[in-house]
Protein chains: 2
Amino acid sequence: MKKTKKWDKARLLCEALSEEEDLLVNEVATRVADKWSLWTLATLAESGEPLRFSKVMATVEGISQKSLTKTLRQLERDGLVTRRVYAEVPPRVEYALTELGVELLEHVEPLWSWVAKSVGDFARARKEYDAR
Amino acid sequence: MKKTKKWDKARLLCEALSEEEDLLVNEVATRVADKWSLWTLATLAESGEPLRFSKVMATVEGISQKSLTKTLRQLERDGLVTRRVYAEVPPRVEYALTELGVELLEHVEPLWSWVAKSVGDFARARKEYDAR
DNA sequence: CAGTATCCAGATCGATACTG
DNA sequence: CAGTATCGATCTGGATACTG
């Protein structure tokens, strides 16, 4: 088997990180893999303009209020979305993607597409494994 | 804010998936974000040849035997690694990357590199958020 | 409207002990 | 050597009820 040079590059980058940074990288990676986080980001990206909490909740089917709140807080904390509160009655809160959020989506897309495209391979592997 | 065309492409791919496939895609994405899974795959990639259980365990610092077993089983089930058992005493079991596993690493690398490179941005965002 | 607070069931993970 | 089995602490996420 050949070594994957591309991976070595990432390894070098990772080894240059402090322990604290490594933790942070891992947490961001968690966002990337989290269904709700990604779906929320994608919802904001597709909209192209700020969305209210209730609008996001309606778009991201199946998410609970609690989970959406948590997800949005995490994304905000990581600098991926902005949260703007308007002093109105009833209250209005709008969420929007940041530049960093857009960048993240753009970097996630190729991987996600590959996984989606390869779903047949994965399904086949599973079927084979489970058959034994 | 501009719409992210690239993301739309992934969205279209996702919407073409069956519910079952969607689940599978999500599970693979979980592997991608899992620290142990990725580290295990990277270990096998760097080695360039099959590795014994104990060797992997020694390389992936901090992983418990239980977690490594689970991780390897998942990776095997998803067709990312192979598991070969030699009928010897004491037993020898060797793990190796599959082609699919190599491909996955190659597709993960750009994203991972970007996250690592952007760790400063994320740290700054956090610091700002936490300051409030 | 956009949350917060509380409860609770299920998944997860490390540590430990045991085995083919 | 390469696991499996088990226990307890921890984390997660949904459902529900309440509030500025």
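Just so you know, all these numbers are worked out from the coordinates, no wet-lab data involved. Given the structure is predicted, the values throughout are model-derived calculations rather than measurements. Quick reminder, even Gly has a Cβ in these numbers, built from the backbone with ideal geometry, and neighbours come from all protein chains shown.
For this structure, a couple of remarks:
- Listed from fewest to most Cβ neighbours within 10 Å, the set B:Y95, B:Y129, A:Y86 follows the order A:Y86, B:Y129, B:Y95.
- Label distances, nm, A:S64 versus same residue in remaining copies, Cβ-directed 7 Å point: 2.6
- Choice from A:K66, A:K55, A:K35 showing the highest fluctuation, given a GNM over chain A with Cα pairs closer than 10 Å: A:K66
- Simple Cβ-charge dipole of chain A, Lys/Arg +1 and Asp/Glu -1, about Cα centre, in debye nearest 20: 560
- Cross-link pairs beyond the 28 Å C-alpha cut-off, checked among A:K70/A:K127; A:K66/A:K127; B:K35/B:K117; B:K66/B:K127; A:K117/B:K35: A:K70/A:K127; A:K66/A:K127; B:K66/B:K127
- Helix A:99-117 axis versus longest C-alpha principal axis of chain A: approximately 40°, rounded to the nearest ten.
- Taking the Cα centre of region B:51-122 as reference, the dipole from Cβ charges on Lys and Arg (+1) and Asp and Glu (-1) amounts to some 460 debye.
- Placing a label point 7 Å from the Cα of B:K9 along the Cα-to-Cβ direction, the distances to the matching points in the other copies come to 1.8 nm, shortest first.
- Rounded to 10°, Cα long-axis angle of helix B:5-15 versus longest principal axis of chain B: 60
- If you look at the Cα atoms of the protein assembly as shown, you get an Rg and a Dmax of 19.9, 75 Å.
- Exposure proxy order (Cβ contacts within 10 Å, fewest to most) of B:L38, A:L17: A:L17, B:L38
- Using alpha-carbon coordinates, inclination of helix B:65-77 to the longest axis of chain B, degrees: 80
- C-alpha center-to-center spacing [region A:21-97, region A:102-132] in angstrom: 24
- Estimated FRET transfer efficiency (B:Q65, A:R126; beta-carbon r; R0 30 Å; 0.05): 0.80
- R0 of 30 Å, Cβ-Cβ distance B:T82-B:N26: FRET efficiency to nearest 0.05: 0.80
- Debye log10 I(q)/I(0) at q = 0.14 Å⁻¹ for region B:1-113, Cα point scatterers: -0.64
- For chain B, calculated [θ]222 nm from helices alone, where every DSSP H run of n ≥ 4 adds -39500 (n - 2.57): -22000 deg cm²/dmol
- Position B:R124: other-copy label points at 4.6 nm, ordered by increasing distance, label point 7 Å along Cα→C-beta.
- Counting only other chain Cβ atoms within 10 Å of each residue's Cβ, the peptide B:64-72 averages 0.
- Magnitude of the charge dipole for region B:26-81, about its Cα centre and with charges confined to Cβ atoms of Lys, Arg (+1) and Asp, Glu (-1), is about 220 debye.
- Chain A residue nearest the rotation axis toward B, with distance: A:A33, 1 (Cβ to axis, whole Å).
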